[in-house]
Amino acid sequence: MSKKELNQNDKIKLDLIDTFEPDFIFNDKPINRFKINNSNNTKNILDKAEKLSELKKIINSIESCDLKNNSKNLVLGDGNANSPLMFIGEAPGAEEDLSCLAFQGEVGKLLKKMLIAINIKIDDVYLTYSVNFRPPNDRKPTTQEIKRYSKFLKEHIAIINPKIIILMGSTAMESLTGINNKISSERGDWKEIIINDKNYPIMITFSPSYLIRFPENKKYSWEDLKKIRQKIKDLNIKV
């Protein structure tokens, strides 16, 4: 099979992702967790904020859960709650557990660079996780834990009601699709899920934390990012 050549623009964007460094700084300003882009959407945003607050209370009421019992804080979500793009990661890590914010540290910096490569600011998307508490020793959540939290994730999606969902990592993939194959065999193709009788297009891709550990796979993530960019264009979505 012949090797696919990258055009010059693609090479520049991929190089941007590949030059990830831990001390790369994008913005010192804190994230506006419920950013309002249009004053006409104020009521909608306030309604979402109220529903998200109630969802957080419900998740926090969980009992007999190793994830909750071994973490410091619940991490619900961050970013623009009215965004058409919802990115779902696997689970909070140590920095997220302390700050209650999603995608912090090196992982967050890489995700920012990945989004910048397709002309999207991280403040303009919504970020959350498949499970809302940090697993002990950052282990992978069990299938039982993933299933337990999947109902909360589906409610979370229904509240945000995005146009496109990006599942980053195998835990996110399993949580919404039930698929537990290798992510390398499922990533890169558009699929659909139905929540509350509504269809949502989803893209499965590698998580930023995985790409930090295995940077040789960034080239595949770049292919996924280009497909996401094209889908945004095809659906005429404004981000």
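FYI, it's all coordinate maths here, none of it is from the lab. Being a predicted model, the structure only gives us computed values, none of them experimental. Virtual Cβ from ideal backbone geometry, glycine too; neighbours counted across all protein chains shown.
A few comments on the model shown:
- Region 167-239 and region 80-94 have Cα centres lying 13 Å from one another.
- Gain in span if fully extended, residue 138 to residue 49, counting 0.36 nm per residue against the direct Cα distance: 29.2 nm
- FRET efficiency for the residue 213 to residue 148 pair, using the beta carbon distance and R₀ = 35 Å, is estimated at 0.85.
- Pair residue 197, residue 119: separation of 7 Å Cα→Cβ label points (nm): 3.8 nm
- Here is the P(r) of region 144-239: all C-alpha pair distances, binned every 5 Å from 0, give 3, 12, 23, 23, 21, 13, 5, 1 in whole percents.
- At 1.306 mPa s and 10 °C, Stokes diffusion of region 200-239 via Kirkwood alpha-carbon radius, µm² per second: 142 µm²/s
- For region 42-234, the Cβ-based charge dipole about the Cα centre amounts to some 360 debye (Lys, Arg positive; Asp, Glu negative; other atoms uncharged).
- Phi to ³J(HN,Hα) by Karplus 6.51 cos²θ - 1.76 cosθ + 1.60 over region 56-72, Hz, x for Gly, Pro: 4, 5, 5, 5, 5, 8, 4, 10, 6, 10, 4, 4, 5, 5, 10, 10, 8
- Building the convex hull from the alpha-carbon atoms of region 50-146 and averaging its projection over directions returns 6.5 nm².
- Distance in nm between pseudo-label sites at residue 237 and residue 60 (7 Å out along the Cβ direction from Cα): 3.0 nm
- Count Lys and Arg as plus one, Asp and Glu as minus one, and take only other residues whose Cβ is under 12 Å from that of residue 179; the net charge is then 0.
- Cα convex hull of region 42-234, projected area averaged across orientations, nm²: 10.4 nm²
- From most to least packed by mean Cβ count within 10 Å, the peptides 95-101, 166-172, 81-87 give 166-172, 81-87, 95-101.
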